[in-house]
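Bear in mind that the values in this text are calculations on the coordinates, not laboratory data. Predicted model only: the values in this text are computed from it and were never measured. We place every Cβ from the backbone using ideal geometry, glycine too, and count neighbours over all the protein chains shown.
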Amino acid sequence: MEIQRRFTRSGESPYEGISFEPRMSEIRNPDGASIFRQDNVVVPTHWSQIATDILAQKYFRKRGVPPAAPGGVGASPAAPGGVGGSPAAPDPNTRGETDARQVFHRLAYTWTDWGKRYGYFSTDADAQAFYDEMCSMLAHQMGAPNSPQWFNTGLFAVYGLKGPAQGHYFVNPDTGEVEKSTSAYERPQPHACFILSI
């Protein structure tokens with residue numbers, strides 16, 4: 001595929017012209033008691049508080065996220081790589097996601113990686129353009145994946161997280177055969193929320 005840039009420019013951050021700010025997200029019981037609170041949730045300033053709350057309360061990974069790599073949160077990937085990059089050894093200093101750009105990177109990096117791995121992009125420049133355009137569109141709320149993508153996609157590819165298999169299957173693109181997944185995150189099932197056995 002050839003990817004034509006619409007919202008970004010080569011060599012610039014995909015977040016050029018977008019301002020970000022820290023906010024607080026909280027859930028309270030009817031009696032006023034706080035049952036969830038996260039301070040310093042960094043989101044684009046044009047986002048509503050509802051969008052902020054959904055990201056913080058539902059879609060941020062709450063643990064296992066390594067400290068940001070040099071280059072800063074949301075840095076454009078080199079080929080692609082950027083923040084997080086590929087799986088690494090577990091770091092005892094892990095934490096949860098706090099910045100929308102971590103999530104945008106996690107999603108866009110993984111989709112770009114899949115595309116590069118299976119030969120979808122005509123050139124590396126097209127892969128970079130795809131990554132940048134996806135980050136920009138996510139930040140501008142111009143496009144979004146379905147719910148499971150937000151909390152599953154990229155946990156292995158970017159953070160190196162592994163988990164026990166959850167009983168789903170996938171078609172191995174190298175063999176064309178259906179295989180049972182051996183890990184919850186290496187081959188996540190981000191395309192459906194509820195699938196019942198037949």
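Charge tally around GLU26: other residues with Cβ under 12 Å, Lys/Arg +1 each, Asp/Glu -1 each, net +1.
Which of the peptides 137-149, 21-33 is most tightly packed, and how do the rest follow, judged by the mean count of other Cβ atoms within 10 Å per residue? Working shown, then result.
Numbers: 137-149: 14.8, 21-33: 11.0.
Top of the packing list down: 137-149, 21-33.
Here the spin labels are modelled as points 7 Å beyond Cα on the Cα-Cβ line, and at ARG6 and SER147 they lie 2.7 nm apart. A cut-off of 5 Å between modelled amide H atoms, ignoring neighbours fewer than 5 places along the same chain, links PHE7 with no other residue. Couplings 3J(HN,Hα) for the range 151-168, derived from phi with the Karplus relation 6.51 cos²θ - 1.76 cosθ + 1.60 (θ = phi - 60°), are 9, 10, 5, x, 5, 8, 4, 9, 9, x, 6, 10, x, x, 4, 10, x, 9 Hz, where x marks Gly and Pro.
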